[in-house]
1. Determine whether segment 80-98 contains at least one residue that is out of contact with any Leu (no Cβ under 8 Å at 6 or more places or on another chain) and either among the acidic types (Asp, Glu) or modelled with pLDDT of 95 or more (or both).
2. Listed residues Ala151, Ala132; which is within 21 Å of Asp72 (Cα to Cα) and surrounded by fewer than 21 Cβ atoms within 10 Å (Cβ to Cβ)?
3. I'm checking my understanding of the structure. Among residues of segment 133-158 that are modelled with pLDDT of 95 or more and assigned to a loop (DSSP other than H, G, I, E, B), which one is farthest from the chain's Cα centre (by Cα)?
4. For segment 109-129, which residues satisfy the criterion of being out of contact with any Gly (no Cβ under 7 Å at 6 or more places or on another chain), surrounded by 15 or more Cβ atoms within 10 Å (Cβ to Cβ) and not aliphatic (A, V, I, L, M)?
5. Within segment 112-132, restricting attention to residues that are in a loop (DSSP other than H, G, I, E, B) and over 16 Å from the mean Cα position of the chain (by Cα), which residue is nearest to Leu42 (Cα to Cα)?
6. In segment 68-77, how many are among the hydrophobic types (A, V, I, L, M, F, W, C), closer than 22 Å to Gln49 by Cβ and over 13 Å from the mean Cα position of the chain (by Cα)?
7. Determine, yes or no, whether Val83 is surrounded by 20 or more Cβ atoms within 10 Å (Cβ to Cβ) and either out of contact with any helix residue (DSSP H, G or I) (no Cβ under 9 Å at 6 or more places or on another chain) or of a type in the set (Val, Ile, Thr) (or both).
Amino acid sequence: MPSTEPTRCLLLACGNTLRSDDGVGPWLAEWAQERFAALDGLRVINRHQWTLELVEEVASAASVLFLDCSIDAAPGEISLASVAALPSSQGLSTHHLGAGELLALARDYYGSQPREALLLTVGAASTELGEAFSEPVQAALPEACKTLEDALLRVLKN
């Protein structure tokens with residue numbers, strides 16, 4: 001159920017903390033939740049995957065920072081990019097949605113979208129069973145935290 005407080009920024013993390021580098025999104029979200037606990041209007045949600053239940057949260061947020069690992073990027077590579085809603089004609093899975101799909105559903109079902117949506121990813125070296133990050137992801141964490149902090153503070157100023 002969505003928060004009754006206005007959400008100025010939603011941090012929406014995806015990943016499985018039992019699959020090595022796949023857990024970097026939830027790790028970053030927990031770091032941000034502790035680091036920015038005193039900030040009003042920040043809401044943090046961690047999920048193993050993004051599903052339909054999150055659409056209302058996305059629709060009611062002024063801005064969204066999606067956090068995930070990337071299997072397409074070089075291990076430890078940090079990327080911060082704008083995300084746009086997918087066109088309405090795209091077929092959607094009901095079991096796992098991407099950031100663009102969540103934005104499209106927020107637009108189509110609630111007539112609302114965040115004014116800004118960003119996707120922060122860290123390239124994964126391994127998604128095998130395990131609770132420890134690979135060396136490249138572990139080494140990238142300080143820069144990933146700084147990138148997340150800068151992005152979060154920027155969207156909260158707007």
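1. No, there is no match, as no residue in segment 80-98 is out of contact with any Leu (no Cβ under 8 Å at 6 or more places or on another chain) and either among the acidic types (Asp, Glu) or modelled with pLDDT of 95 or more (or both).
2. Of Ala151, Ala132, the one residue that is within 21 Å of Asp72 (Cα to Cα) and surrounded by fewer than 21 Cβ atoms within 10 Å (Cβ to Cβ) is Ala132.
3. My answer is Ser134.
4. If the condition is that a residue be out of contact with any Gly (no Cβ under 7 Å at 6 or more places or on another chain), surrounded by 15 or more Cβ atoms within 10 Å (Cβ to Cβ) and not aliphatic (A, V, I, L, M), then Gln113, Pro114, Glu116, Thr121, Ser126, Thr127 are the ones that fit.
5. Among them, the one singled out is Ser112.
6. So the answer is 2.
7. no
The values are calculated or read from the model by the stated rules, or taken from the named source; none is laboratory data. Not measured: the values here are computed from a predicted model. Here Cβ is always computed from backbone atoms with ideal geometry, including for glycine, and neighbour counts include all displayed protein chains.
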